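**Student:** Please find one structure pasted underneath; my questions will follow.
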Amino acid sequence: MSGAIKRVSPVTVDPRARDFAVSFGAKLVSRGNLDAVAAARAFGAFEQSGERYDLVVTRLGLLTESALAEALAEYLDLPFITAADLPEFPAIRDVDQEFLRRHRIVPIRDDGAILVAVADPFDVQPVEALSYLVDRPVALALSSESTINDALRIMDREAGTPNGALDLRPSAAPAEVSQEDVRRLADLASEAPVIRLVHSLMVRAVEARASDIHLEPTESGLRVRLRFDGLLQDSEILPLSVVPAVISRIKIMARLDIAESRRPQDGRIRTNVRGCDVDLRVATMPTLKGECVVLRILDRSAIKLDFDALGYSGRTLDELLRLIEIPNGMILVTGPTGSGKTTTLYAALSHLNNPTRKIFTIEDPIEYQLAGTNQIQVKPGIDFTFANALRSILRLDPDLIMVGEIRDAETAQMAVQAALTGHLVLSTLHTNGAVATLSRLLDMGIEDYLIASTLKGVLAQRLVRRLCDDCAAPAAAPAELKACADGLAAAAEIDPPVFNDIRRPVGCRSCRQTGFKGRIAIYELMALTDPVRAAIVSGANEQALCEAARIAGMRRMLADGVEKVSSGLTTFEEILQVTRVT
């Protein structure tokens, strides 16, 4: 009927917004600001509109701005600022007045941290930008919007900036970049469309299970690529007009210097995506066409720190568990960058982590937070290196020490010393295989007898793409696979394989038409048995060491890969691609 009343369907409401509406509504009722009927009326309007509950309350005229701001300050445990609390001259130097006015920010006082009054405590991005500009922490207080606007008008009139006003200038900026440029970049980065764009990039990458976001400047815009299962895929091209704002926004979130574009910078972003905590490691690099930015996604909710999920099984897993249960000595995980070494170390820590052990980690950077451990971030800028941190940790009665990476001879010497004095040391090294690790340690100046007495085992690994369970199809075993398997079986590295489970990639929506979804480790584990130790001390070459390790039971990485192909987990082409150097 033409005269029928159209009912508006409720919008989809974020569960966190609903929780806030329920709890803050109850707070207003308990304080006597609203009665139960008014609170329920506001809640109904909130569900229909999707607007934040406190904004709905004021728009319905149920509460004055000042009363609502006071109640919200109490709810959030923030100071409440009235007009009487404002300083006599709330002027400010060297921070753009337009920026403060647009985001309704009023600096109140400087007590080490800058205290600012805001009208919207949930809009934290402008406050983060201000904190970066002043190079000091910024604390929040809450005030009504009218009080904020009055204070901003006073600031506009006080163009002369009297003595004693707050000095909120940045600590330093390169001579090539003016203060005005810094302010402009910060203002651009704090605009709502830019904030939404950067947040959308991160959310889509996390939800798609990408491991990295690559932002690469080109002549036509900003090329966005995502890395899935080790391979990059084009995502989109952002227009040239937003490039400075997007790069600056990421820098502000990572607490980097937005004025510095001539040298590389590293930072970290912690954010929440769909209720899950996500860490992003940020690295910038100046290039011919501008700054290239890479964000490595460390989604703690997507990481399973157990050996079964990583692809370890059978007798190799049993031997690895036996080695890490030894209370002293050194165990190394080797492989190229991006081969999952750190994740394997965290799986070992997770297995060993219990109240009876004192565990320290030394990392650069800290990739995952593991409860029950003491995690340390190295800071080379103040000479707090891996070696220096390790030297100090030995005085803290540790049981287990994880060193993120052995990069130099000094760190290697300290790791060996820690292993000699009754501690279990886990670390990583960049080598092509387990046996090559012995030569690398010798090159670092570690004596052969120290290697033989402290090193308990070396685990070399690579990551290969895993076939998608939703679309992988049965396939016949290729002749090359059969020949390789026969040779490995004859050398007693694997049991005679059965090829009934061979599969091939097909492609579906779940795997983005690639045929692969996720990755799995292939590995070789060399335990230092007496024959291997004897070969090390005798100065045997790498080939002789490899033979001694094989006789002692080490299976080459290729053998483990062939077994995973035979089990239908991956393809022979994937195995050959990562084992051809070994």
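**Student:** Compute the normalised compactness of the range 228-296: alpha-carbon radius of gyration over 2.2 N^0.38 Å, N being the residue count.
**Tutor:** 1.18
**Student:** Mind scanning 304/564; 358/564; 251/341; 289/379; 304/482 and naming the pairs with a C-alpha gap bigger than 26 Å?
**Tutor:** Over 26 Å Cα-Cα: 358/564; 251/341; 289/379; 304/482.
**Student:** Choose one of 544, 261, 69: the residue whose Cα lies farthest towards the positive end of the charge dipole of the chain (beta-carbon charges +1 Lys, Arg; -1 Asp, Glu; about the Cα centre).
**Tutor:** 544
**Student:** Among DSSP beta bridges lying fully in the chain, give the percent that are antiparallel, nearest 5.
**Tutor:** Taking every DSSP beta bridge with both residues in the chain, the antiparallel ones total about 65 percent.
**Student:** In addition: For all pairs of alpha-carbon atoms in the chain, what percent lies in each bin of width 10 Å, listed from the first bin to the last filled one?
**Tutor:** All Cα pairs, binned at 10 Å, distribute as 3, 14, 19, 21, 18, 13, 8, 4, 1, 0 percent.
**Student:** Let me ask something else about it. Amide H to amide H, which residues 5 or more places from residue 384 or on other chains are under 5 Å from it, using H placed in the peptide plane?
**Tutor:** 379
**Student:** Using a cut-off of 13 Å between beta-carbons, work out the net charge of the residues near residue 471 (Lys and Arg +1, Asp and Glu -1, residue 471 not included).
**Tutor:** Charge balance near residue 471 sits at +4.
**Student:** Just the C-alpha atoms of the range 514-582: what Rg/Rh do they give, with Rh taken as the Kirkwood radius?
**Tutor:** 1.11
**Student:** Which percent of the accessible area of the chain is formed by carbon and sulfur heavy atoms (probe 1.4 angstrom)?
**Tutor:** Carbon and sulfur together cover 51 percent of it.
**Student:** If you don't mind, another one. For the range 261-368, state what percent of all Cα-Cα pairs lands in each successive 5 Å bin, counting from 0 Å until the bin that includes the largest distance.
**Tutor:** Bins of 5 Å from zero give 2, 9, 16, 19, 17, 14, 10, 7, 4, 2, 1 percent of pairs.
**Student:** Here's another thing I want to ask about it. Return the FRET efficiency for the residue pair residue 325, residue 501: r is the Cβ-Cβ distance, R0 is 25 Å, and the value is rounded to the nearest 0.05.
**Tutor:** The computed FRET efficiency comes out at 0.15.
**Student:** Between residue 333 and residues 5 or more places away or on another chain, which pairs have amide H atoms under 5 Å apart, with H built 1.01 Å from N, and which residues are they?
**Tutor:** Result for residue 333 returns 427, 428, 429, 459.
**Student:** Residue 541 label point, 7 Å along Cα→Cβ, cut-off 19 Å on backbone N: hits in the range 421-454?
**Tutor:** Zone members listed by number: 432-443.
**Student:** Using only the alpha carbons of the range 433-481, what is the convex hull's orientation-averaged projected area in square nanometres?
**Tutor:** 6.1
**Student:** Ok, one more. Please compute the per residue accessible area over the chain with all protein chains in place, 1.4 Å probe, rounded to a whole number of Å².
**Tutor:** Normalised by residue count, the accessible surface of the chain is 47 Å².
The values are calculated or read from the model by the stated rules, or taken from the named source; none is laboratory data. None of the values given here were measured: they were computed from a predicted structure. Cβ: placed from backbone, ideal geometry, glycine included. Neighbour counts: every protein chain shown. The protein model used for the area step is the full one, side chains on, heavy atoms only, and it has no ligands, DNA or RNA in it. Shrake-Rupley method; radii C 1.70, N 1.55, O 1.52, S 1.80 Å.
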